[in-house]
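So the structure is just underneath, and the comments pick up after that.
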Amino acid sequence: MEKGAGYPSVGGSYPQKNAEILSSQYGINLFLAGLLLTFAWAVHAVGISKSHLLSYLITLMLIQLLWMLWYRCRSCTQRRLIRDKDTHAGARWLKCGITLFAVITLILDSFKIGYYIDFSNCLSPTEGIFPVTHAVHTILQVYFLWCHAKDIIQSFKTLERFGVIHSVFTNLLLWTNGVLTESKHQLNEHKERLITLGFGNITIVLDDHAPQCNCTTTTLCSIFSQGIYYLYPFNIEYHILASTMLYVLWKNIGRKVEHHQQHKTPFKFHGITVGMIFGLIVLTSTIAIVVVYLIQIGRSKIKSELALTMFYLHAIFVLALMCTAGIVALLIYRLEDRSLDNSKNPARKLDAELLVGTAAGSWLLSWGSILAIICAQAHPKYTWYNLPYSVLVIIEKYIQNLFIIESIHREQEKLNDNIKTLRIVTISRGNTLSLTPSYTEIYNGRAAPDRGEVPCLFKGSICQRENDGGDSGAKEETSQENSSVMDSPSDFSFYSRNSVTNNKRRILKNIAAFLFLCNLSV
């Protein structure tokens, strides 16, 4: 372990790179052991039960709880120390999102506790301990991320690397467990749907881990068992967000931060009305389509085929719109002459890697669908709609990833040096009204004299009042200024450049709002 400045280092012979490698290997082995336990339970391996898997997960969560409590207590004792922060990590919208998913995860845990109480006669005690431990783990972890997601740890770095990476892979295992449980339920529903569509030649064996005893309260058991599977997607999102935020915290351990001013661009809803309206139309229509689909699917073969056809046609239309919007955004970027910010940043690098990594899942599924359509012996009418749908999914992910990755790597626009100087001088004179001169006045180096005659420095020339000058000199200088303002064509080009830039920015904001709502729909 290592201590902060002024303390003797213990085990300081190990470079920090070695500590990073050791901790990552520890986390990978932790994950692989849990992954094998999960798969063994899923395939009903002899000697492996659900209680073994849950006991392993409970142990990992308790170790993480102890580490988070220790880190929090140590942070409270060092509250007066000035710590570096990563301004790109732990964005407020990300914290709010993970809090929302955590609240729904707590509802899921309460459903599991109720389910255990109703089937307590034939369930293992670990199935009751797990949701309680998971609820406590969720509450403390969300609090921890709100307080420390931006931290750049500079003391006890080796120990903290193991603690953070343990937390990362604990969340990944909980995510894997949630994905597998929901997938098994989805697979059972899909097999039942195949029977409805007339695929009777397929051997249908439902994979069910239902308890082998009767429920004490039938109505509550039905609510808990059905409600659990509707809440699993939120639990999955919660754990993947938590693991990514903790991974950024792990990458920031021991990082040297350049202390330069961070320009924060506040988000405003002004100017994105068009994108929001079209996006809400798509979202509303999608909700209506999904409702009709859920009502019609499984009722009969004809209704199921009509529901699938309706689903694919709507999805093709939405994906085509998303592709078009993404192409327009990329063309706008090509027309702009702005450099990319290639500085090292763990949060931004992880964003790009996660985009491509998660898109790979959609690409794999789409290519699998294309291959299945080509190789299938029978081709019902609705299956041909799956072909353009799968192709559009591949293209849309490709375009949207390019748009997002380029957006997060583009440098922020810097203020014109003339405007910076004008603001500095104005603030130093205590005159706030002259902070808003017209674009023509700023560009030509003129801040209106009737607003306090602010002296300014523009393009190497100093403009100031001359107390010893005569009236004729002042009039001559004023007339020269006015003539230069009236005759200079550069003010019109300045207006046009700003107008074009604002229009491009407004279009990009509308596209981003539209794609955001479309992604919710898809």
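Taking I228, is it within 30 Å of N18 (Cα to Cα), at pLDDT 80 or above, assigned to a helix (DSSP H, G or I) and in contact with a Phe, Trp or Tyr (Cβ under 6 Å, 6 or more places away or on another chain)?
Taking the combined requirement at face value, the residue does not satisfy it.
Taking the criterion of being out of contact with any strand residue (DSSP E or B) (no Cβ under 7 Å at 6 or more places or on another chain), open to solvent by 60 Å² or more (accessible area, probe 1.4 Å) and not in a helix (DSSP H, G or I), would at least one residue in the stretch 95-102 satisfy it?
no
Under 9 Å by Cβ, and 6 or more places apart or on different chains, what pairs join a residue from the stretch 364-378 that is free of Cβ contacts under 8 Å to residues at least 60 places away in the same chain and loosely packed, with under 11 Cβ neighbours inside 10 Å with one that is assigned to a helix (DSSP H, G or I) and hydroxyl-bearing (S, T, Y)?
Cβ pairs passing all conditions: A376/T383.
Could you tell me which numbered condition A40 fails, if it satisfies all but one of (1) touching a helix residue (DSSP H, G or I) at 6+ places or on another chain (Cβ under 7 Å); (2) assigned to a helix (DSSP H, G or I); (3) open to solvent by less than 60 Å² (accessible area, probe 1.4 Å)?
Failed condition: (1).
Kindly indicate whether K112 is farther than 25 Å from Y229 by Cβ, part of a helix (DSSP H, G or I) and charged (D, E, K, R).
Spelling it out, it is not the case that K112 is farther than 25 Å from Y229 by Cβ, part of a helix (DSSP H, G or I) and charged (D, E, K, R).
Give the residues of the stretch 286-310 that are hydroxyl-bearing (S, T, Y), in a helix (DSSP H, G or I) and either in contact (Cβ under 8 Å) with a residue 40 or more places away in the chain or open to solvent by 70 Å² or more (accessible area, probe 1.4 Å) (or both), sorted by residue number.
Selection gives T286, S304, T309.
Could you grab the pairs with beta carbons closer than 7 Å, sequence gap of 6+ or different chains, first residue in the stretch 28-41 and without any contact (Cβ under 8 Å) to a residue 12 or more places away in the chain and not assigned by the TED database to the domain that holds F162, second one surrounded by fewer than 19 Cβ atoms within 10 Å (Cβ to Cβ) and part of a helix (DSSP H, G or I)?
Correct list of pairs: empty, since none qualify.
Every residue, every condition in (1) more than 31 Å from the chain's Cα centre (by Cα); (2) of a type in the set (S, T, N, Q); (3) open to solvent by 40 Å² or more (accessible area, probe 1.4 Å), yes or no:
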site: I21; (1), (2), (3): no, no, yes
site: L36; (1), (2), (3): no, no, yes
site: S49; (1), (2), (3): yes, yes, yes
site: H52; (1), (2), (3): yes, no, yes
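Would you mind stating whether L313 is assigned by the TED database to the domain that holds L387 and touching a residue at least 60 places away in the same chain (Cβ under 8 Å)?
Criteria met by L313.
The values are calculated or read from the model by the stated rules, or taken from the named source; none is laboratory data. Just so it is clear, the model here is predicted, and its values are computed rather than measured. Every residue, glycine as well, gets a Cβ built from its backbone with ideal geometry; the counts of neighbours run over all protein chains shown. Remember, those area values only see protein heavy atoms, side chains included, never the ligands or the DNA or RNA. Shrake-Rupley method; radii C 1.70, N 1.55, O 1.52, S 1.80 Å.
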